[in-house]
């Protein structure tokens, strides 16, 4: 149990957080990111209202221009007088443990806007495209009252898809050089996208890549009618109804037609269409009930994360369990047990 001084600090921080003090938001994020003592009590205090912001995740391979697109989208939302929170995740060096946080550098022109909050995070070895505490940070930015929350993942591949559990809308950003990789991505990124963006569309091969993505979506729909739907219930069978080459498919009551857009983040070409598509997808989420379903899935996953974390903490902080582990390792060494039998014994002891 936290002591009275810790409770006082939490109460004071919560008061300043609710008063809209950005310094309090930054402090709360640091506490959650470092998982300092009492961070769960603080999160419980601040997150009782539930999510309200529109969360957009930008993911894709390294060098696709995600940071530049995020900056353009943020500017577009600010033009609509909406406040924007941005969480940018950068990879941590496996050698030094440090991170360049280049996303923050590329978004430096946003830093002077009081309506935009930017937080850079290092992965600290976490896999999946996000940092270990990105979800907690997103929750705090959401609770602070931003209408829009944008999160940019590290450059990802086929299995680094945690963004699906953190965002309402997932935008997969590709570049013309990705054209040969579409087949490889069909089992990964192709399944999580709500919107596809071919960035750097001024380069040769951009129209061809956009066409290949549309064809891949069409083929998935045609050959996967009996299969489970895509990311968070996105119904890929709807794509097959209309193979139109335009980038502005309509929202209907049955499913979401995944648009494939072309942009150029250097001069902002196509950003307006992207913001429009984000608005259409949000409208579809609201009207279809999918937003509530995604938020419930997200809450379920968060509960599991907390239970697993606390179980690990309880297990390996127990001297009794540590002694049982040492004894089990001795039996494994003599052939009297296996890792599986010892693990079962430890689990039984922990649950008992």
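On inspection, residue 41 fails the criterion of being surrounded by fewer than 17 Cβ atoms within 10 Å (Cβ to Cβ) and in a loop (DSSP other than H, G, I, E, B). Scanning region 307-323 for residues that are part of a helix (DSSP H, G or I) and either touching a helix residue (DSSP H, G or I) at 6+ places or on another chain (Cβ under 6 Å) or exposed (fewer than 13 other Cβ atoms within 10 Å of the Cβ) (or both) returns 307, 308, 310, 312, 313, 314, 315, 316, 319, 320, 321, 323.
All conditions in (1) free of Cβ contacts under 8 Å to residues at least 60 places away in the same chain; (2) part of a helix (DSSP H, G or I) hold for residue 275, with the sole exception of (1). Taking the conditions (1) surrounded by 23 or more Cβ atoms within 10 Å (Cβ to Cβ); (2) modelled with pLDDT of 80 or more; (3) in contact with a helix residue (DSSP H, G or I) (Cβ under 7 Å, 6 or more places away or on another chain) in turn, residue 236 satisfies each one other than (2).
When restricted to residues that are touching a helix residue (DSSP H, G or I) at 6+ places or on another chain (Cβ under 6 Å) and either at pLDDT below 85 or closer than 24 Å to residue 211 by Cα (or both), region 165-185 contains 8.
Okay, residues lined up against (1) at pLDDT 65 or above; (2) assigned by TED's automatic domain parsing to the domain that holds residue 266; (3) part of a helix (DSSP H, G or I):
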{"position": "55", "(1), (2), (3)": "yes, yes, no"}
{"position": "70", "(1), (2), (3)": "yes, yes, yes"}
{"position": "97", "(1), (2), (3)": "no, yes, no"}
{"position": "114", "(1), (2), (3)": "yes, yes, no"}
{"position": "117", "(1), (2), (3)": "yes, yes, no"}
{"position": "124", "(1), (2), (3)": "no, yes, no"}
{"position": "127", "(1), (2), (3)": "no, yes, no"}
{"position": "131", "(1), (2), (3)": "no, yes, no"}
{"position": "136", "(1), (2), (3)": "yes, yes, yes"}
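The set of residues in region 252-272 being surrounded by fewer than 18 Cβ atoms within 10 Å (Cβ to Cβ) and assigned to a loop (DSSP other than H, G, I, E, B) consists of 252, 253, 254, 266, 267, 268.
Go through region 304-331 and give me each residue that's free of Cβ contacts under 8 Å to residues at least 40 places away in the same chain and more than 18 Å from residue 351 (Cβ to Cβ). Within region 304-331, 326, 327, 329, 330, 331 meet the criteria. Of all residues in region 284-298, those satisfying the criterion of being part of a helix (DSSP H, G or I) and surrounded by fewer than 12 Cβ atoms within 10 Å (Cβ to Cβ) are 292, 296.
Is it true that residue 85 is modelled with pLDDT of 65 or more, surrounded by 13 or more Cβ atoms within 10 Å (Cβ to Cβ) and at negative phi? Yes: the conditions hold for residue 85.
The values are calculated or read from the model by the stated rules, or taken from the named source; none is laboratory data. Note that this is a predicted model, so its numbers are computed, not measured. We place every Cβ from the backbone using ideal geometry, glycine too, and count neighbours over all the protein chains shown.
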